[in-house]
Amino acid sequence: MRRNSILLLTLLAVGLTANAQTKKTQKKAESVVQSIPEPVKPMVWVFTYGKDTVYKPEFERLLSKNKNSKDIPDEKAVREYLELYENFKMKVSEAKLKRLDTSSSFINELSGYRSQLAKPYLTDKKVTDDLIKEAYERMKWEINASHILINCAENATPKDTLIAYTKILELRKKILKGESFDSVALKNSEDPSAVKNYGLLGWFTSFHMIYPFETQAYVTPKGEISMPFRTRFGYHILKVNDKRPARGEVKVAHIMIRLNQNANPEAMTDSKSRIEEAYKKIMDGEPFDSVVAHYSQDDGSKANKGVINWFGSFSNFPDEFKEVCFSLNKGDVSKPFKTPYGYHIVKIIDKRLIADQKEMEESIKSKISRDSRAESSKLVVSQRIKKENKFVEYPANIKSFTDKLDSTFLKGSWTYDESKVNDNPVISFRDKIYSVKDLAHYVQINQEPQPKGSIPVIINNMMKKFSDEKALEFEESMLDVKYEDFRNLMQEYHDGILLFDLTDKMVWSKAVTDTQGLEKFHDANKTKYMWKERVKVITFSCLDDKAKAEAMKMLGKGKTMDEVKAKLNKKIGGTIVSTEQKSEKGENASFDKLWDKKGVVDIPNSGSGYKFYWVEGIVPPEPKSLKEARGIITSDYQNYLEKEWLKTLHEKYPVTVNEETVKTLFK
């Protein structure tokens, strides 16, 4: 079982499931608490353990969160959870005492959980919802477009930027005056593929292109040329050649006759004749899957009666194949057609349009999180954080730093001498100040070779990213103070990981590695692991029918098994082999028939060989060996270790329950 799975089970065992409620989280994230809460007034306590105390709000919150029904828990449920929670708190205290919370593995794991829990607080729900809606609406349409690119680095000098923009603008004017888009793209586009495709990009939909390009494609009317727009690659203009409703997905059955692209005329004629023969059989009423079995040379689909699972417009199938499939209706069978792979016939099994937005929401959200458009959500949050926390930028200090950068920075190899970089501020949030040294460290890590770039432009762009990242970092550092839900969840993960680590050390792993302890436990509890009555059977496997007959005859006359084996295996080793088994009633259907048998019992010869049984009879109940019952014995030993451990913990952390408070819980 993986560590995360065991950790989750551990949390569940004490009623500490850490299920972040996204909608609730988002609402609280929108209501910003800018000051630290006032000190909490003294609360009624539920129980003490050692020197620590658990109060009523904490106990009721966790029990309410993890009970199985919406009903108010009765006294029995409260008492059961009370015992679990007492044990949990003692174990966590012991883990802290052993300083397990200082280990690098604990710190890294908790940090990973924190990053996951923080995500909903560091994105803007409205922006995300709008992006989901926008992406879904775009997915309803497919665009066919061509483009022309003039390269321009993101951090190009103003001069180079103007040159690139002017050039793309002049190309647009040429096209508007009547020169064909294809010709202008072939002669001028700096996209290397233009020499082959004349700038044609083919069909695409949402998430297939970088976000700014996608956006321009969807806002440009069919047949028109866009104004120049910029992406990280440079300046583009695009022409929308066509636009169509999304075709959804299709599921087909398929027959293919392979044909090499360099096939000679004879091979081409033969392949075409075979596909036409197959088509005639279908038209004459022979079942499609029967024709698949006899004719198709597509090994991938042939084993599945020719069926190819659902695919969409942008799958990797040849365009000719997709065009035929999407042009037909459910139940239709195509005429033979050709692709680069050979000749085909398809039967349309089913078709479906894109699903509803609600069904696709999680999938779209996941794509957005990996796409550049996610930055817009973070940008909104970072701007809010800056506004709320009196963000200040110090231009003079940034310029002073920028002026000291040399040519190595444009080569991507700049390093800074800490003794020569000052502590002057570059940005600040309230009392949190980030200095020139912080910026220098960031620049050194994130620099890239940009020989044609402008140092001031590059640093200006890096400062935007630097300040946004630090804003999000600042906000994350305040989540525990601002949001009670986040603080509680982090505490639950913190304690849950500690509980796992210590329980693994004291119980789970110990039960597996403590061989002597496990053996001693087994010896002391043998009577708990007993076999019921079993029939003892020896199965003999013989080389041939002659050996089998002779063996059965010898055993019938009272010869021992060793004598039988010695004689029959003398000439050819392995002529007869025996296997001993013991079986309880209901454990083996074949052996169940032997409970009232004794001695030799024949087994009819079959494909499995020449066999017979020797039934020794019923074996009385006896203890199972450690090997035979290791799983259940190890589990019981773990329970034993935990009980013994809890006894020690109760002595170390004596528990006192406030009965008066317990009676008032959930009242």
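The values are calculated or read from the model by the stated rules, or taken from the named source; none is laboratory data. No experiment lies behind these values; they were computed from the predicted model shown. All Cβ positions, glycine included, derive from the backbone under ideal geometry; neighbour counts span all protein chains shown. Please note that ligands, DNA and RNA were not included when accessible areas were found on the heavy atoms of the full protein model with its side chains. Shrake-Rupley method; radii C 1.70, N 1.55, O 1.52, S 1.80 Å.
For this structure, a couple of remarks:
- Scanning residues 5 or more positions from Val600 or on other chains, those with amide H under 5 Å from its amide H are Val615, with H placed 1.01 Å from N in the peptide plane.
- FRET E, pair Lys330, Trp414, Förster distance 56 Å, beta-carbon r, rounded to 0.05: 0.35
- Length gained on full extension, Met530 to Asn262, computed as 0.36 nm times the residue gap minus the Cα-Cα distance: 89.2 nm.
- Sorted peptide list for 175-183, 159-167, criterion being average Cβ within 10 angstrom, highest first: 159-167, 175-183
- Average Cα contact separation per residue, the range 523-667, under 8 Å, 6 or more apart, as relative contact order %: 34
- Rolling a 1.4 Å probe across the protein heavy atoms gives the range 200-336 an accessible surface of 53 Å² per residue.
- 222 nm mean residue ellipticity, helices alone, for the chain (DSSP H n ≥ 4; -39,500 (n - 2.57); rounded to 500): -15500 deg cm²/dmol
- Cross-link pairs exceeding 20 Å in C-alpha to C-alpha distance, out of Lys51/Lys643; Lys51/Lys482; Lys272/Lys347; Lys96/Lys652; Lys56/Lys89; Lys597/Lys624, comprise Lys51/Lys643; Lys51/Lys482; Lys597/Lys624.
- Lys, Arg +1 and Asp, Glu -1 on Cβ, resulting dipole of the range 116-206 about Cα centre, debye, nearest 20: 160
- Selection among Leu353, Trp203, Phe337 by position relative to the dipole of the chain gives Phe337 as farthest towards the positive end (Cβ unit charges, Cα centre).
- Nonlocal amide H pairs with Glu622, under 5 Å, H built at 1.01 Å: Trp531
- For the peptides 508-518, 463-473, the ranking by mean Cβ contacts within 10 Å, running from highest to lowest, is 463-473, 508-518.
- Measuring nothing but how far apart in sequence close Cα pairs (under 8 Å, 6+ apart) lie, relative to its length, the range 296-374 scores a relative contact order of 17 percent.
- For the range 416-439 versus the range 126-148, the spacing of their alpha-carbon centroids is 41 Å.
- For the cross-link pairs Lys536/Lys593; Lys411/Lys452; Lys322/Lys365, the ones whose C-alpha atoms lie over 21 Å apart are Lys322/Lys365.
- Accessible surface of the range 538-580, 1.4 Å probe: 54 percent of it comes from carbon and sulfur atoms.
- For the chain, the relative contact order comes to 16 percent (Cα pairs under 8 Å, sequence separation of at least 6).
- Stretched out straight at 0.36 nm per residue, the stretch from Lys305 to Ser180 would grow longer than its current Cα-Cα span by 40.2 nm.
- Per-pair calculated FRET efficiency, R0 = 45 Å: Gln357 and Glu276 via Cβ, rounded to 0.05: 0.50
- Evaluated with a Cβ-only charge set (Lys, Arg +1; Asp, Glu -1), the chain carries a dipole of roughly 600 debye about its Cα centre, given to the nearest 20.
- (1) 2, 9, 12, 13, 14, 16, 15, 10, 6, 2, 0, 0; (2) 3, 11, 16, 20, 18, 12, 8, 5, 3, 2, 1, 1, 0, 0, 0; (3) 3, 16, 26, 27, 17, 8, 3, 1, 0, 0, with the label sought being that of the calculated P(r) over Cα pairs in 10 Å bins from 0, in percent: (1)
- Farthest toward the positive end of the dipole of the chain, out of Gln638, Tyr279, Ser111, is the Cα of Tyr279, where the dipole comes from beta carbon charges about the Cα centre.
- Once both labels are positioned 7 Å from their Cα atoms along Cα-to-Cβ, the gap between Lys133 and Ala293 label points is 5.4 nm.
- All other residues whose Cβ lies under 12 angstrom from that of Asp480 are scored, Lys and Arg at +1 and Asp and Glu at -1, for a net of -1.
- Within the accessible area of the range 295-435, the carbon and sulfur atoms contribute 49%, probe 1.4 Å, all protein chains present.
- Protein accessible area in the range 84-157, 1.4 Å probe - carbon and sulfur %: 52
- Filter on Lys167/Lys465; Lys404/Lys464; Lys582/Lys627 - keep pairs with C-alpha separation over 22 Å: Lys167/Lys465
- With the simple spin-label model, which puts each label point 7 Å out from Cα in the Cβ direction, the Thr664 to Asp485 separation comes to 2.9 nm.
- Charging the Cβ of each Asp and Glu at -1 and of each Lys and Arg at +1, and nothing else, the dipole of the range 561-667 about its Cα centre rounds to 420 debye.
- Theoretical FRET efficiency, 1/(1+(r/R0)^6), r = Cβ-Cβ of Glu388 and Asn461, R0 25 Å, to 0.05: 0.55
- Gyration tensor over alpha-carbon atoms, the range 448-513, equivalent ellipsoid semi-axes in Å: 45, 21, 5
- Residues in the range 524-590 average 64 Å² of solvent-accessible surface per residue, probe 1.4 Å, ligands and nucleic acids excluded.
- Per the Kirkwood formula applied to alpha carbons, the range 241-302 shows a radius of gyration over Rh ratio, Rg over Rh, of 1.11.
- Within-11-Å neighbourhood charge of Lys330 [Cβ basis; K, R +1; D, E -1]: +2
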